[in-house]
Amino acid sequence: MAAGTVLGMTRIDNNRSGADIAVSVRGLVKHYGETKALDGVDLDVREGTVMGVLGPNGAGKTTLVRILSTLLSPDSGLATVAGYDVVRQPRQLRRVIGLTGQYASVDEKLPGWENLYMIGRLLDLPRKEARRRADELLERFSLTEAAKRPASTYSGGMRRRLDLAASMIGHPAVLFLDEPTTGLDPRTRNEVWDEVKRMVGDGVTVLLTTQYMEEAEQLASELTVVDRGKVIAGGGIEELKAKVGGRTLRVRPADPLQLRPLAGHLDGLGITGLATTTVDPESGSLLVPILSDEQLTAVVGAVTARGITVSSITTELPSLDEVFLSLTGHRASVPQDTVPTETREEVAV
């Protein structure tokens, strides 16, 4: 699916930035038998931004994308995309969106160019425009040399790029990316990230589902965390880190020999309660967990009182992976070149 000109947008009264809302979801529910894949999901995606939707396998991410792209009907709730109701206006909606799923869905018997041209014609692009867009996107995704080869001869990364190109053939206003870099090698993953950034620079709104924390950090301006069909947290990346609580004070003494004595001194003072100071000899620093500004001041005062010369003192928020673990009780996935079959189970929900 791909897109044309946006005919309308929905404005939400409580939108703090005053920007237009490209995707609006209210109370979305979807059951599969006894399983509640979505359980009252609320979500807003501002126009021209990337919303990252995080969650473990089975959280409901793919179900959400399928409903928003009109591939599934919700049991209840409301959702609009680019101003169109996903239930009442699916035909109009399909013309203003693009969709790339977890696995490339191109026709492997057709050459890359014909895949793109066919999709352009299915979107009612004139023949000349469909040809022009096919040529343009093949060049943009570095596939021109493979344009006449059947897609079955493409590598996994090439198929993914062709799939992304297909989703862009009609200039989508909103692009849904459902775990788009699953199974890709690091180089190809970076190429996909660069292309997504370019799309957003062109004004496309992106809803990205992912389990990869690095991917979320690279692409998303805001995050929504879902688990067991419910939204359990949302906001900017730094905002979510702050919500989880806890900072780390990194103290780097000028003399590395002071590391362990200083760690023992700070732990002996009991400033951080039951938390202990960690020695990081590789970076020549101490990692001191702190929960408040008062603790931070006390640690700095203790270091100064001991007469230790310090090269640097910095504070660090939790990593996004730590945020994910804190919110869901699960560790996030680690990108890998090959993806076990088990990870495909989420396609069902």
Margin query: What are the ³J(HN,Hα) couplings of the stretch 181-187, residue after residue, when phi is run through the Karplus curve with 6.51, -1.76, 1.60 and θ = phi - 60°? Round to Hz, x for glycine and proline.
Written below: 10, 4, x, 8, 6, x, 5
Next item on the list: Count neighbours as other Cβ atoms within 10 Å of each site's Cβ, and list the trypsin sites (Lys or Arg not before Pro) in the stretch 18-126 that are DSSP loop with at most 15 such neighbours.
Entry: ARG88, LYS109
Note to self: Sort 203-212, 127-136 by the packing proxy (mean of other Cβ within 10 Å over each peptide's residues), most packed first.
What the structure shows: 203-212, 127-136
Check: If Lys and Arg each add +1 and Asp and Glu each add -1, what is the summed charge of the other residues whose beta carbon sits under 11 Å from the beta carbon of ALA82?
Finding: -1
Note to self: List the aspartates and glutamates whose Cα sits under 12 Å from the Cα of LYS230, skipping any in the same chain fewer than 8 residues away.
What the structure shows: ASP39, ASP42
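Which whole-number percent gives the relative contact order of the stretch 36-156, counting Cα pairs below 8 Å spaced six or more residues apart?
Numbers: 92 pairs, mean separation 21.6, N = 121.
Relative contact order for the stretch 36-156 comes out at 18 percent.
Can you list, largest first and rounded to whole Å, the semi-axes you get for the stretch 247-316 by taking the square root of 5 times each eigenvalue of its Cα gyration tensor?
Values: eigenvalues 54, 30, 27 Å².
The equivalent ellipsoid of the stretch 247-316 has semi-axes of 16, 12, 12 Å.
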Checklist line | Other-chain or far-sequence residues with amide H under 5 Å of HIS171's (modelled H) | finding: ALA3
Check: In the stretch 21-236, how does Rg compare with the Kirkwood Rh, expressed as the Rg/Rh ratio over alpha carbon atoms?
Finding: 0.96
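Mind checking the full-extension length gain between ARG131 and THR304? Use 0.36 nm per residue of separation minus the Cα-Cα distance, one decimal, nm.
Details: separation 173, 0.36 × 173 = 62.28 nm, distance 6.96 nm.
Additional length available on full extension: 55.3 nm.
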Next item on the list: Step through the residues of the stretch 75-83 one at a time and calculate ³J(HN,Hα) from phi using the Karplus curve (6.51 cos²θ - 1.76 cosθ + 1.60, θ = phi - 60°), rounding each to whole Hz and writing x for Gly and Pro.
Entry: 6, 6, x, 10, 8, 10, 10, 6, x
Checklist line | Charge tally in the Cβ shell below 14 Å around GLY268, where Lys, Arg are +1 and Asp, Glu are -1, GLY268 excluded | finding: +1
Note to self: With θ taken as phi - 60° and the coefficients 6.51, -1.76 and 1.60, list the Karplus ³J(HN,Hα) couplings across the stretch 227-240 in order, rounded to whole Hz; mark glycine and proline as x.
What the structure shows: 8, 6, x, 10, 7, 10, 6, x, x, x, 4, 5, 5, 5
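Using the Cβ atoms and a cut-off under 11 Å, what net charge is assigned to the surroundings of ARG26, where Lys and Arg are +1 and Asp and Glu are -1? Write down the numbers at each step before the final one.
On the way: positive: none; negative: ASP42, ASP44.
Residues close to ARG26 contribute a combined charge of -2.
Every number in this text was worked out from the coordinates using simple rules, so none of it is lab data. What you are looking at is a predicted structure, and each value in this text was computed from that prediction instead of being measured. Cβ coordinates were reconstructed from backbone atoms using ideal geometry, including for glycine residues, and neighbour counts include every protein chain displayed.
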